[in-house]
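Notes for the one structure printed next.
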C-alpha cells in the first residue's frame, strides 16, 4: 500500500474573490514507502502548496490526502497524527530556531508529541547523529552556530520527531557547494538507515540527479510526471519546454543525439556520460 | 585600462585586537592584491567564510583594511571625508532582496541613492527612469516592492545602485536566494549593464555556472586569492577546486574525465570536442 | 485575518483628490475632523456628510472599498450608539421599563454619533486611499520642516515611518511562515487559555524578533552603501508644490467651516 496518496486534491486561494487562484488542480499521486522523491517545478507551479497539504497545514478545497491509508481530515485526531507522521522542514529552516540550547531546540518537536523525557533525549541524540551535530554543539546556543550548522540543527529538529515521511522544502538553498553536498548526503543516509520515505523540493536538477529515486514534476498546478530519474530525464525536451532546467550533462547528450550520434537518452551524471562515450569509442561510430 | 578599484596588499581581521604581537590574528582577508578596471566582468568564487564577502565590504569603505590600502578611482577608503564619493563610484547589491529596499514604491526606492547625493529633482527623475529601463523594470515603477518576485526585487535593487551612476557594481551573492528564473534575470541584467554601458562588475557567487559567464574568475580561499584567470583556465583545476569545497561546470568535468583536448567550458565546446574525439 | 485591515491601504489613481498635495490633504483631513466635532445639529452634519460624499465621488475610489473601511470599527460604533441610547435622558421618553429609559434625545444623539464616527473614519480612509504611505510620511516631514531646530528629529521620524510601512507586509509574511514552521513541529497555537496561548507564541516571536534585527542590520548597511547620511544635503525626486487644486481645497474647507458655524447658529442643537 502507498504511504501517501492524494485523491483529486484541489486547492484554491482566496475563494470567492476576484483574486481566486487554483494552486492545485485535481492532483492524483501515490508515493510508495521508502522512496526518495524529488519535487521539481518552478515558483508558482504548486509544489509548495502541495507539500503543505501532506501534514495538514493547508486544507484541500476539494479532494483528500491519505497518509497510511487514513484521510487526515477525518477528525481532529487524524489531523494531529498527520502532523507527526509527516515531518515538514521549510525553506531556510534555520530562521525558526528559538530555544536557548541546540538540544532544547531539537527537542521541541518530540516534546510537543508528549513523549517521555528519556524518549525525547534518545531521539534528540539520534537526530543529532544523523545530522552531524556534535555533543559540544548541543550545549551551545543555536545562534552561535555557523549558517550551515544552524541548517543541520533545524533539520535535526524535524528528524527528531521521527516522521514516517520527511519532507524538506529546498534544503540546500543558499548554501555553498560543500554545505549543499553535506545536506544531500545526510538526507540520503537518513533514508537509507531508517527506511523512511523522504521528499525534497528542489530547484537544482543536479541535486535531484544525485540522490532521488523518483521525480515528481509539477507544472501549472498539476502533476506533469511522476517517474524514476532516468525516465524523467529521458523527457528532457518536455522539461525544457515548460521552463525547467535539466542537468548540463543531459543537455550535452541531447546535443550529441541531435547531431546524429547513437547515444542513450537517459544520461544525467558525469559517470554515466563517461561510460556511454567509452562504449561509443569501443564500438566505433560514424561521425 | 583605467583602474576603478584597487586592492594593495590588503589585510583585514574581524578580531578586536589586531596587534600581531598579541598572538595569532585570524585574517578574514590577507595579502590581497587585485585590480578592477573599467569594463571588467569579474566573478569571485569561494565557499562561505572564504573572505569573499569581506572583499565586497572592503571595496566601498564599509570596512577599512587593517594593513594595505583599497583605492577607488585613486581615493583611499581610509579617507573618511570622501566616503560618500567612494560609495557613489562603487555600488553594492546584497543577498537578501527584501533587506535592501527602503521605500514602498519601486521608483521612490530607486530614487533613494540619488536623493542622498543631493541631486536636482529633475536629474533624479531622469536617472530613475533610465535606471529602471536599463533593468527592464520601468513598467513596475509605481508598484509596491513586496508584491514583486525575488528576481524583480533584485533588479530594482540594481536599478537603485545604477541611478547613482557608479563606475563599478559589486554583487555580493545576489543570486543566492533566488529561484533559477530569478537568477537568470539578474545575470542577464548584469551582463547587459556590462556589455552595453561598460560598467565594471564584481560578481560574488558560489554558483559555478554563473562564474563561467564572467571574463575573469577569482577563487578565494582562507582570505587569499587561490586562482585568478579566465574561467576556462581556472576550472581546469578540478581537484584543487573540489578540495576547497567548490564545483566545476559539468561540461568541463566531463571533458577532463574523457581526456578531451583544449580548455572546455561551455556545452557546445564539449559536444564539439566529443564528436572530434570520436572521428 | 491580519491582511484585511484597510487603513493605510493605498488605492492608486489619477483623480483630482489623488493629485492634491499630500500636505494639503493632511491639513484638510485634520480640519475636516475638527469641524465634524463642531457640528451641533443634523443640518450642519448633513452638510459635511454631503461634501464628504462629493469628495469620495471625485476620488474615483469605489464606494464598496470606502465602506469597507468602516467594518473594522463596527464594534466601537455599536458600543457608542448603545451607550448614548441608554444614558442620554433628554427629549421625549420612548420607553420606560425597569432601569431602561430610552428617550428621543438618546436616539438622536446615537444616530448623530454614528454618523460622526463614520464620517471621521471615511475621511481619514479617503486620505490613505488617495495618498501613498510614502507621500503621507513625506507630507508629514515637510509640514513639520519648520521644526528643523529639533535636530534631525522630523526627518528621522519620517524615515522610520517609511521603513516601518515598507516592512509591515514583509513581517506579516514572515510571521505566517514561522507560524507554519512551528506548527509543523507540533506546536499548538490554537488551544488553551490566554496564558498558555501567549506562551505558545514564544517559538514564533523569538525567531521573528531575531530575523527583524538581522533585517534592520542589513538594511542599515544597504542604506549606507547608497550614500545615506541623514537629512543633510538630501534632496527629493518628487517636489511638493501647491497647485490650483490645493487652493480650491483650501477655499472649500473655509466655506465648510463658515457653513457649519452658520448652520449651527440657525438650527437647534442636537448635542
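The values are calculated or read from the model by the stated rules, or taken from the named source; none is laboratory data. Here the structure is a predicted model, which is why all the values come from computation and not from measurement. Neighbour counts run over all protein chains shown; Cβ positions are idealised from the backbone, glycine included.
Structure notes:
- Taking region C:258-268 as the range and being closer than 11 Å to residue C:39 by Cβ and assigned to a helix (DSSP H, G or I) as the test, the residues that pass are C:259, C:260, C:261, C:263, C:264.
- Of everything in region B:233-247 that is at the interface with another protein chain (Cβ under 10 Å from one of its Cβ atoms) and assigned to a loop (DSSP other than H, G, I, E, B), the residue that is nearest to residue B:266 (Cα to Cα) is B:247.
- Qualifying positions in region C:41-81 - within 20 Å of residue C:105 (Cβ to Cβ) and either modelled with pLDDT under 85 or not assigned by TED's automatic domain parsing to the domain that holds residue C:257 (or both): none
- Exactly one residue out of B:123, B:90, B:70 is within 13 Å of another protein chain (Cβ to nearest Cβ) and surrounded by 18 or more Cβ atoms within 10 Å (Cβ to Cβ), and it is B:90.
- Scan of region B:55-67 for residues that are more than 11 Å from every other protein chain (Cβ to nearest Cβ) and in contact (Cβ under 8 Å) with a residue 60 or more places away in the chain, ordered by number: B:55
- Number of the condition not met by residue A:42 [criteria: (1) closer than 27 Å to residue A:184 by Cβ; (2) more than 12 Å from every other protein chain (Cβ to nearest Cβ); (3) touching a helix residue (DSSP H, G or I) at 6+ places or on another chain (Cβ under 9 Å); (4) assigned to a loop (DSSP other than H, G, I, E, B)]: (2)
- Candidate set from region C:247-261 (those that are touching a helix residue (DSSP H, G or I) at 6+ places or on another chain (Cβ under 6 Å) and under 20 Å from residue C:19 (Cβ atoms)); member that is surrounded by the most Cβ atoms within 10 Å (Cβ to Cβ): C:249
- Filter result (at negative phi and either part of a loop (DSSP other than H, G, I, E, B) or at the interface with chain B (Cβ under 9 Å from one of its Cβ atoms) (or both)) within region A:236-252: A:242, A:244, A:245, A:246, A:247, A:248, A:249, A:251, A:252
Listed here are the residues, each with its yes/no results for (1) modelled with pLDDT of 85 or more; (2) away from chain B (no Cβ under 14 Å); (3) under 28 Å from the mean Cα position of the chain (by Cα); (4) surrounded by fewer than 17 Cβ atoms within 10 Å (Cβ to Cβ).
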residue: C:207; (1), (2), (3), (4): yes, yes, no, no
residue: C:210; (1), (2), (3), (4): yes, no, no, yes
residue: C:216; (1), (2), (3), (4): yes, no, yes, yes
residue: C:219; (1), (2), (3), (4): yes, no, yes, no
residue: C:223; (1), (2), (3), (4): yes, no, no, no
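- Among the candidates B:164, B:208, B:199, B:177, residue that is surrounded by 18 or more Cβ atoms within 10 Å (Cβ to Cβ), modelled with pLDDT under 90 and within 25 Å of residue B:98 (Cα to Cα): B:208
- Residues in region A:255-274 that are part of a helix (DSSP H, G or I) and either out of contact with any helix residue (DSSP H, G or I) (no Cβ under 6 Å at 6 or more places or on another chain) or touching a residue at least 24 places away in the same chain (Cβ under 8 Å) (or both): A:257, A:258, A:271, A:272, A:273.
- Test: residue in region C:229-245 that is under 30 Å from the mean Cα position of the chain (by Cα), more than 14 Å from chain A (Cβ to nearest Cβ) and at positive phi: yes
- Residues that are not assigned by TED's automatic domain parsing to the domain that holds residue A:88 number at least 2 in none of the helices (runs of 4 or more DSSP H) confined to region A:110-195.
- Unique residue being surrounded by 15 or more Cβ atoms within 10 Å (Cβ to Cβ), more than 14 Å from chain B (Cβ to nearest Cβ) and free of Cβ contacts under 8 Å to residues at least 24 places away in the same chain when the list is C:85, C:102, C:115, C:140: C:102
- Residue in region C:189-198 that is within 14 Å of chain A (Cβ to nearest Cβ), exposed (fewer than 13 other Cβ atoms within 10 Å of the Cβ) and part of a helix (DSSP H, G or I) present: yes
- Residue A:36 in contact (Cβ under 8 Å) with a residue 40 or more places away in the chain, within 24 Å of residue A:190 (Cα to Cα) and within 22 Å of the chain's Cα centre (by Cα): yes
- When the test is whether a residue is within 14 Å of chain A (Cβ to nearest Cβ), assigned to a loop (DSSP other than H, G, I, E, B) and surrounded by 19 or more Cβ atoms within 10 Å (Cβ to Cβ), residue B:220 does not pass it.
- Unique match (being away from chain B (no Cβ under 14 Å), in contact with a strand residue (DSSP E or B) (Cβ under 8 Å, 6 or more places away or on another chain) and assigned to a helix (DSSP H, G or I)) among C:107, C:122, C:154: C:107
- In this structure, residue B:206 does not qualify as away from every other protein chain (no Cβ under 11 Å) and touching a strand residue (DSSP E or B) at 6+ places or on another chain (Cβ under 9 Å).
- Looking across region A:208-233, the residues that are in contact with a strand residue (DSSP E or B) (Cβ under 9 Å, 6 or more places away or on another chain), surrounded by fewer than 18 Cβ atoms within 10 Å (Cβ to Cβ) and within 15 Å of residue A:266 (Cα to Cα) come down to A:213, A:227, A:228, A:231.
- Some residue of region A:104-113 being touching a residue at least 24 places away in the same chain (Cβ under 8 Å), crowded, with 22+ Cβ neighbours inside 10 Å, at the interface with another protein chain (Cβ under 8 Å from one of its Cβ atoms) and under 19 Å from the mean Cα position of the chain (by Cα): no
Matching residues to (1) surrounded by fewer than 21 Cβ atoms within 10 Å (Cβ to Cβ); (2) facing chain C (nearest Cβ under 9 Å); (3) assigned to a helix (DSSP H, G or I); (4) in contact with a helix residue (DSSP H, G or I) (Cβ under 7 Å, 6 or more places away or on another chain):
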position	(1), (2), (3), (4)
B:95	yes, yes, no, no
B:103	no, yes, no, yes
B:108	no, yes, yes, yes
B:111	no, yes, yes, yes
B:114	no, yes, yes, yes
B:132	no, no, yes, yes
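- Only one of the numbered conditions (1) in a helix (DSSP H, G or I); (2) farther than 30 Å from residue B:156 by Cα is violated by residue C:179, and that is (2).
- Among (1) within 14 Å of chain B (Cβ to nearest Cβ); (2) out of contact with any helix residue (DSSP H, G or I) (no Cβ under 9 Å at 6 or more places or on another chain) - the single one residue A:277 does not satisfy: (2)
- All conditions but one from (1) on the phi > 0 side of the Ramachandran plot; (2) surrounded by fewer than 16 Cβ atoms within 10 Å (Cβ to Cβ); (3) more than 12 Å from every other protein chain (Cβ to nearest Cβ) apply to residue A:68; the one that does not is (2).
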